[in-house]
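Each remark here refers to the structure printed beneath this line.
The values are calculated or read from the model by the stated rules, or taken from the named source; none is laboratory data. Computed from a prediction, not measured in an experiment: that's the story for all the values here. Cβ: placed from backbone, ideal geometry, glycine included. Neighbour counts: every protein chain shown.
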Amino acid sequence: MALAYPAHQIILLDALSLHEPEGQQTLRHELAHVALGQLAPSWPRWFQEGVAQYVTGERYSLTHYSALFRAVTQERVFHFEHLDRAWPDVPSDVEIAYAQSAAFVAHLSAKFGPQAMAALVDGVARGEPFETAFGKAFRTSLLVEETDWREGLAARYGWLPLTTSSALVWLSASFLCVAAYARRRQQRAAKLAEMAAQDAAEDAALRLLAAQAAQAQAQGTAVSAGDSTGRTGPRARRARKPTWRPRTARRPRTAPLATSRVNWTTKTAPTAGRRSPPSTERRPSRPAMTTGRGL
């Protein structure tokens, strides 16, 4: 926000705004107002704002294009005789007034050249009325030139340039690329989510199997421990007391009857001159003779 008082050569603005990207542009805009005020005390409001924006390059902004597009499509373009001394108060109308002022001054400069613009400024600086200096500099009247400018607004700021210009093709291509990229990212995110769900399910299944295996192993260990301690099961609180049984006398083992076979083979006489080793063979014992008394 800045204000200029050309008669007093004063500009009011926030000094900190000069460090911002639009700060220098705002300062040049207000300096243009002060310069015009030094040349002549009275200028049409639309011409002051148009020249200030033309000098600072604000006519190329997207805000002005959108404002003029809205004004053309809604048929809300102001007549410059209504912007001579007064200025709209509604913010949307203020944007249209600034945009059409900059566009009309750019139209005059492009059509008649900078020398004709300088002649207009010099004529007003010499004290001539603005419309008189306008006619002398451009060899036409303000009303005729405004009518000619209005006739070309639809071709420059309506729907037609958007549908026939190459910018629409590039805009459509950019939109398609962005849409394809967004769809690709969405599909990739869905795929990653599905893989994460599968991994989570597999991990849960593995944990369940591990828990079941650990439980089975614990039960097996408890059963084996119960068997070794004489318990009937894992829930048994006390061990079974051993039952006392009287120890019975063992029957003596009887040696098996020795049966011997009688060897009736005759022994050969030892060789003369050589002493034979003693024989270890047992001779059969003769049966005891019994008398007839015992019968």
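For this structure, a couple of remarks:
- The listed residue being farther than 23 Å from Gly158 by Cα and charged (D, E, K, R), out of Asp84, Asp93: Asp84
- Every condition in (1) at pLDDT below 85; (2) over 27 Å from Arg156 (Cβ atoms) holds for Ser61 except the one numbered (2).
- Just one of (1) within 27 Å of Leu16 (Cβ to Cβ); (2) in contact with a Phe, Trp or Tyr (Cβ under 8 Å, 6 or more places away or on another chain) fails for Tyr65. It is (1).
- When Glu95, Glu75, Glu145, Glu128 are checked against the criterion of being part of a loop (DSSP other than H, G, I, E, B), of a type in the set (Asp, Glu) and surrounded by 15 or more Cβ atoms within 10 Å (Cβ to Cβ), a single residue qualifies: Glu128.
- Pick from the range 5-46, criterion under 18 Å from Ala102 (Cα atoms) and in contact with a strand residue (DSSP E or B) (Cβ under 6 Å, 6 or more places away or on another chain), ranking: surrounded by the fewest Cβ atoms within 10 Å (Cβ to Cβ): Val34
- Residues in the range 49-70 that are touching a residue at least 60 places away in the same chain (Cβ under 8 Å) and under 16 Å from Pro91 (Cβ atoms): Leu68 alone.
- Residue check, Val77 assigned by TED's automatic domain parsing to the domain that holds Leu120 and in contact (Cβ under 8 Å) with a residue 24 or more places away in the chain: yes
- Just one of the listed residues (Asp84, Asp122) is of a type outside the set (Gly, Ala, Ser), modelled with pLDDT under 95, surrounded by 13 or more Cβ atoms within 10 Å (Cβ to Cβ) and closer than 23 Å to Val72 by Cα, namely Asp84.
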